[in-house]
Amino acid sequence: MDTQPDSDPTGNAGTTQLPQAVGRLNAVSWVAELIIATKYLTRIRIPLRRTPEKALIARSMAWFPVIGAVIGAFGATVETVTGWLGMPSTITAALAVSAMMWLTRALHEEELATLANQYGDAGDKSRRVGWLKEDRSIRYGTFAVILAILLKVFAIGSINNSELVFITLIASCAWSHAVMSVAAAWLHPLPNDPVSDHFGQPPGLRVLMAVMLGGAIVFGALGPAAGIPLGIGILAAICVILLGGKLMGGYNGPLLGGLQQLVELIVICTIVAVQ
């Protein structure tokens, strides 16, 4: 007599296994996306089993606010620990900003400098002919980065509460990284740029996911007071996106990095102003 052990008399074995397989596939995909986002935004190197597909890289932007929150928490931890050691607030703020720059390899500060040089050179006749026929040693980008760092240090240093510093850095880093996906979806990727070639244009659902994750982190950190920093941050992001679309016709790495730095700084200053 022929028997069929391990058979499902209800005939539902295939239908029950399919959702489980899809769930495992989604979990693996999300982990890979998190790894890609982590490797781009930080110096942390987590190996991937295989070279990621283009679509997977674009979807990884959904997790930017999560990695941003981790970056902010890292800087805030350094500020808290150095504060416990009795250092003044200006020093602890400078160390917090330095720690975040170390963790991110100063990636976005470098991109902010490039963006400032690109915008500053637009229509600058003296740049085309040279100043006294010599290249300038100090350009717009150098000034932009110094100014951004100083403003962040003094804004953070003016907060005399380590707990508020903690939630401020988490909120500002999360939201500033969330709006990067908005810019990448809004504008066309510029050719011959490593960042725009790498990420392309993220899907709309992943952009929505990034905005929702970023908003949830900010609301979790600031509570009902989150509305003003979120609103001002998104207005600043829209201004940068529109300016980038007009002057550049799309997005590249400097625009995304400059956008992140400006929104982060504006959110920090807004929280300081309303505290």
Quiz item: Among (1) small (Gly, Ala, Ser); (2) within 12 Å of the chain's Cα centre (by Cα); (3) open to solvent by 10 Å² or more (accessible area, probe 1.4 Å), where does Gly245 come up short?
Solution: (2)
Quiz prompt | Answer from Ile67, Ile46, Ile36 - the residue that is closer than 25 Å to Val195 by Cα, open to solvent by 60 Å² or more (accessible area, probe 1.4 Å) and of a type in the set (A, V, I, L, M) | solution = Ile46
Quiz item: Scanning for something open to solvent by 20 Å² or more (accessible area, probe 1.4 Å), within 21 Å of Asn160 (Cβ to Cβ) and touching a Ser or Thr at 6+ places or on another chain (Cβ under 7 Å), does the range 248-268 turn up at least one residue?
Solution: no
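Is at least one residue of the range 213-225 closer than 25 Å to His198 by Cα and assigned to a helix (DSSP H, G or I)?
Yes, there is a match, as at least one residue in the range 213-225 is closer than 25 Å to His198 by Cα and assigned to a helix (DSSP H, G or I).
Condition check ((1) under 16 Å from Gly258 (Cα atoms); (2) among the hydrophobic types (A, V, I, L, M, F, W, C); (3) touching a strand residue (DSSP E or B) at 6+ places or on another chain (Cβ under 7 Å); (4) open to solvent by 60 Å² or more (accessible area, probe 1.4 Å)) across all residues:
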{"position": "Ile159", "(1), (2), (3), (4)": "no, yes, no, no"}
{"position": "Ser162", "(1), (2), (3), (4)": "no, no, no, no"}
{"position": "Val165", "(1), (2), (3), (4)": "no, yes, no, no"}
{"position": "Ala184", "(1), (2), (3), (4)": "yes, yes, yes, no"}
{"position": "Phe199", "(1), (2), (3), (4)": "no, yes, no, no"}
{"position": "Gly204", "(1), (2), (3), (4)": "no, no, no, no"}
{"position": "Gly214", "(1), (2), (3), (4)": "no, no, no, no"}
{"position": "Gly220", "(1), (2), (3), (4)": "no, no, no, yes"}
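Table: residues versus (1) more than 25 Å from Ser89 (Cα to Cα); (2) touching a residue at least 12 places away in the same chain (Cβ under 8 Å).
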residue: Ser176; (1), (2): no, yes
residue: Ala184; (1), (2): yes, yes
residue: Ile238; (1), (2): yes, no
residue: Gly249; (1), (2): yes, yes
residue: Asn252; (1), (2): yes, yes
residue: Leu256; (1), (2): yes, yes
residue: Leu262; (1), (2): no, yes
residue: Leu265; (1), (2): no, yes
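Given the criteria open to solvent by 40 Å² or more (accessible area, probe 1.4 Å), in a helix (DSSP H, G or I), at pLDDT 95 or above and over 24 Å from Met100 (Cα atoms), does Leu208 qualify?
Judged against the criteria, Leu208 is a match.
The values are calculated or read from the model by the stated rules, or taken from the named source; none is laboratory data. Predicted model, so just to flag it, every value in this text is computed and none were measured. Because the Cβ atoms are built from the backbone with ideal geometry, glycine has one as well, and the counts that use them run over all protein chains shown. Accessible surface areas use protein heavy atoms only, side chains included; no ligands, DNA or RNA. Shrake-Rupley method; radii C 1.70, N 1.55, O 1.52, S 1.80 Å.
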